[in-house]
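S.K.: The structure follows.
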Amino acid sequence: RRKLFNKKSHRSTILSSIMATLYARSNETEEHASRLLKYTEMIGEKMNLSPSKMDELQLFSLLHDIGKIGIDDRILNKPGELTSDEWEIMKKHPEIGYVITMSSPEFAPIAEYVLSHHERWDGTGYPLGLSGEEIPLLARILAVADAYDAMTEDRVYRKALTKEGAIEEIRINAGIQFDPNIAMAFVELIRESSDSK
């Protein structure tokens with residue numbers, strides 16, 4: 001996994017190619033990816049994850065939405081709200097991502113996280129309806145970081161929340177959407193980083 005991030009490696013070329021395809025096909029951006037890497041790294045360090053888990057977290061942060069490659073462009077880039085049928089199709093991207101990552105020995109270790117990155121602490125997520133600690137730890141970390149980043153960026157259909165507004169949403173949803181320990185640790189980290197500026 002360390003080799004994946006080594007610029008000269010063949011595997012790194014594959015990763016770059018996958019990321020370029022994802023950026024070209026969806027609203028995912030390099031800026032979003034780099035913010036996610038920063039947020040998940042902050043959480044991972046706070047939770048004292050091992051270096052190998054940190055490597056997995058980094059790779060997973062980049063590839064969590066790889067399944068969107070298999071979703072129709074008209075749905076992926078629709079400016080308005082999705083219909084219920086379109087939403088059902090969109091909800092297939094974790095499973096598509098799981099199949100893609102499982103097909104490569106380099107990416108297989110993160111396949112389980114890719115599959116479960118839209119699960120919710122209260123069990124109302126998808127595709128498996130996992131709850132609490134049934135959800136892999138790295139998927140629970142990404143859920144908080146990804147939600148915060150989504151809330152603090154403008155979308156076609158809504159304006160961004162302030163950092164404080166997004167923190168409050170994370171706090172309110174701790175124990176519902178998010179692992180409460182990770183959510184509160186993240187709130188603390190964001191407040192600390194804001195205070196130190």
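The values are calculated or read from the model by the stated rules, or taken from the named source; none is laboratory data. None of the values given here were measured: they were computed from a predicted structure. Quick reminder, even Gly has a Cβ in these numbers, built from the backbone with ideal geometry, and neighbours come from all protein chains shown. Heads up: the accessible areas ignore ligands, DNA and RNA and are worked out on the full protein's heavy atoms, side chains in. Shrake-Rupley method; radii C 1.70, N 1.55, O 1.52, S 1.80 Å.
S.K.: In the chain, what percent of the accessible surface is made up of carbon and sulfur (1.4 Å probe, ligands and nucleic acids excluded)?
M.R.: The C+S portion of the solvent-accessible surface of the chain is 53 percent.
S.K.: Hey, another quick one. Run the numbers on the chain and let me know its relative contact order in percent, using alpha-carbon pairs under 8 Å that are six or more apart.
M.R.: Contact order relative to length: 17 percent.
S.K.: If you don't mind, another one. Note down the relative contact order for segment 28-115 as a percent, whole number, built from C-alpha pairs under 8 angstrom at least six residues apart.
M.R.: 28
S.K.: Label S84 and E188 with points 7 Å out from Cα along Cα→Cβ: what is the distance between them in nm?
M.R.: My value for the distance between the label points is 4.3 nm.
S.K.: At 0.36 nm per residue, and after removing the present C-alpha to C-alpha distance, how many nm does the segment from N77 to H32 gain when stretched out fully?
M.R.: 14.6 nm
S.K.: Also: For the chain, report the accessible area per residue in Å² (1.4 Å probe, heavy atoms, rounded to an integer).
M.R.: Spelled out: the 1.4 Å probe surface of the chain, per residue, equals 52 Å².
S.K.: Keeping all protein chains in the complex and leaving out DNA, RNA and ligands, what accessible area do you get for Y98 with a 1.4 Å probe, in Å² to the nearest 10?
M.R.: Counting only protein heavy atoms, the figure is 70 Å².
S.K.: Using only the Cα atoms, work out Rg/Rh for segment 121-174, with Rh taken as the Kirkwood radius, to two decimals.
M.R.: Looking at segment 121-174, the ratio lands at 1.03.
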